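Undergrad: Provided herewith is a single structure, encoded as structure tokens, for subsequent inquiry.
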Amino acid sequence: MQKRLVFFVPILLFLAGCAGFGGTGTTDQEGEGFAGGTQALQLGFLEEEPPEKVLDNGQETFLITLLLRNEGEYTIPKGRILASLSGISREAFTLKSLTVKSDFDLEKKAKSRDQVTPGGQEELNFGEAKYKPDLPADFNLDLRADVCYDYQTEAVTSLCLKKQAFSRTDVNDNCVLDNPSPQVENSGGPLQVSNVHQRPTGAHKIRLSFDVGNKGVGAVYPPGIFTSQCGGNEQQTDSLQVELMSTGNKYPISCSKFASGHKGVIRLVNGVKTVNCEIDTSGLQEASFTDFLIIKMQYMYRDSVSVPLTIENSDF
């Protein structure tokens with residue numbers, strides 16, 4: 001019989017939501033460079049893996065399998081998805097391990113002109129299980145899988161630049177330096193850039209500010225922090241790495257919270273963080289021009305899904 005995905009409402013770390021496939025965060029909009037959306041991995045258990053009910057006393061062997069689908073625009077490298085089970089005893093269920101690691105690249109969703117290619121879909125299998133103890137009666141439990149994975153989101157925003165940032169606009173200017181809402185586009189992923197602002201603050205200085213927000217339902221951690229299991233490191237929650245890169249012209253960018261100027265770690269507060277940066281325009285041309293800035297966010301994301309499981313007394 002063909003396998004089908006079973007949907008469950010995931011038990012999330014700090015915000016409830018639905019992780020079922022076919023979400024609304026991947027709608028393509030004509031004219032945008034990215035497919036967009038605020039999802040990365042969608043999680044679910046395969047139907048009958050595990051089944052709703054299993055026998056005790058080692059009388060029934062069954063599988064525990066997750067189905068993962070990449071709804072964002074970053075290909076997750078081999079070995080950078082970790083899934084850990086909780087709510088059960090490894091020994092009681094005779095599992096080799098409660099944690100499995102991906103042995104595949106999970107391809108991103110991609111946009112080419114007005115066509116969007118769906119992201120990859122793969123299974124993570126915890127192997128065969130059976131409940132070994134002999135119970136006097138039936139009992140119920142919740143089987144939970146936490147999934148941690150590396151991810152990246154890229155945002156592109158347009159900037160108006162020229163050497164004399166405070167000079168009045170003249171007929172040669174083709175853009176506005178004092179802009180409260182430059183255009184910004186985000187690749188598909190739960191971390192998104194919004195509320196971009198630029199304004200001159202000195203003869204050769206432009207201030208740039210933007211918000212980084214977690215628009216998904218999972219938790220954010222620094223890139224690469226989970227290596228052996230998806231659990232712990234709670235003191236690192238809400239931290240991620242942000243890097244700013246010019247697509248054309250070279251000009252110094254210095255952000256107040258970044259030791260290296262254009263790259264550093266931020267910590268979200270209530271799911272959002274405002275980043276303030278300064279651009280030195282002293283080495284630029286006199287006439288205004290439009291340039292594009294890439295804001296790259298690198299992080300690990302943690303999400304979860306659960307399913308009820310009944311252990312039946314095989315004596316009845």
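Undergrad: Which order do you get for SER304, SER260 if you rank them by accessible area with a 1.4 Å probe, largest at the top?
TA: Order by accessible area, largest first: SER260, SER304.
Undergrad: Here's something else I'd like to know. Considering only DSSP beta bridges with both partners in the chain, what is the antiparallel share in %, to the nearest 5?
TA: Approximately 95 percent, going by the DSSP bridge assignments.
Undergrad: Using 10 Å bins from zero, what percent of all Cα-Cα pairs in the chain falls into each bin?
TA: With a bin width of 10 Å, the distribution comes to 6, 24, 26, 19, 12, 7, 4, 2, 0.
Undergrad: Same structure again: Suppose every K and R has +1 on its Cβ and every D and E has -1 on its Cβ; what is the size of the dipole of the chain about the Cα centre, in Debye to the nearest 20?
TA: Charge dipole, the chain, about its Cα centre: 1240 debye, nearest 20.
Undergrad: Determine the relative contact order of region 148-304: mean sequence separation of Cα pairs under 8 Å and six or more apart, normalised by residue count, in whole percent.
TA: Relative contact order, region 148-304: 36 percent.
Undergrad: Now a separate question. At 1.4 Å probe size, what's the solvent-accessible area of GLU123? Round to the nearest 10 Å².
TA: About 80 Å², rounded to the nearest 10.
Undergrad: Could you tell me whether region 204-316 comes out rounded, prolate or oblate from its Cα gyration tensor? Rule is a ≥ b ≥ c as square roots of the eigenvalues, rounded for a/c under 1.5, then prolate if a/b exceeds b/c, otherwise oblate.
TA: prolate
Undergrad: Taking the dipole about the Cα centre of the chain, with the C-beta of Lys and Arg at +1 and of Asp and Glu at -1, give me whichever of PRO222, ILE266, ALA83 is farthest to the positive side.
TA: Result: ILE266, furthest along the dipole toward the positive end.
Undergrad: May I pose another question? Relative contact order for the chain using alpha-carbon pairs under 8 Å, separation at least 6, rounded to a whole percent?
TA: Computed over the chain, the figure is 23 percent.
Undergrad: Using a 1.4 Å probe and counting only protein heavy atoms, arrange ARG199, ARG144 so the residue with the most accessible area comes first.
TA: ARG199, ARG144
Undergrad: Tally up the carbon and sulfur contribution to the accessible surface of region 122-190 as a whole percent, 1.4 Å probe, everything protein left in place.
TA: Carbon and sulfur atoms account for 44 percent of the accessible area of region 122-190.
Undergrad: So, by mean Cβ neighbours within 10 angstrom, what's the order for 216-224, 262-270 with the highest one leading?
TA: Answer by packing, highest mean first, reads 216-224, 262-270.
Undergrad: Counting only protein heavy atoms, what percent of the accessible surface of region 265-316 is carbon or sulfur at a 1.4 Å probe?
TA: Carbon and sulfur: 50 percent of the exposed surface of region 265-316.
Undergrad: Just the number, please: carbon plus sulfur as a percent of the accessible area of region 210-258, 1.4 Å probe, no ligands or DNA/RNA counted.
TA: 44 percent
Undergrad: With every protein chain in place, what's the accessible area of ARG207 (1.4 Å probe, Å², nearest 10)?
TA: Spelled out: ARG207, probe radius 1.4 Å, area about 90 Å².
Undergrad: Considering Cα pairs under 8 angstrom that are at least six residues apart, work out the relative contact order of region 84-238 and quote it in whole percent.
TA: Over region 84-238, the number comes to 19 percent.
Undergrad: Taking the solvent-accessible surface of protein heavy atoms with a 1.4 Å probe, what is the per residue accessible area of region 38-85 in Å²?
TA: Per-residue value: 32 Å².
Undergrad: Apply the Karplus parameterisation 6.51 cos²θ - 1.76 cosθ + 1.60, with θ equal to phi minus 60°, to every residue of region 82-94 and state each ³J(HN,Hα) to the nearest whole Hz, in sequence, with x for glycine and proline.
TA: 10, 10, 10, 8, 9, x, 9, 8, 4, 5, 5, 9, 6
The values are calculated or read from the model by the stated rules, or taken from the named source; none is laboratory data. Just so you know, these numbers come straight off a predicted model, no measurement behind them. Virtual Cβ from ideal backbone geometry, glycine too; neighbours counted across all protein chains shown. Areas reflect the complete protein model, heavy atoms only, side chains present, ligands, DNA and RNA absent. Shrake-Rupley method; radii C 1.70, N 1.55, O 1.52, S 1.80 Å.
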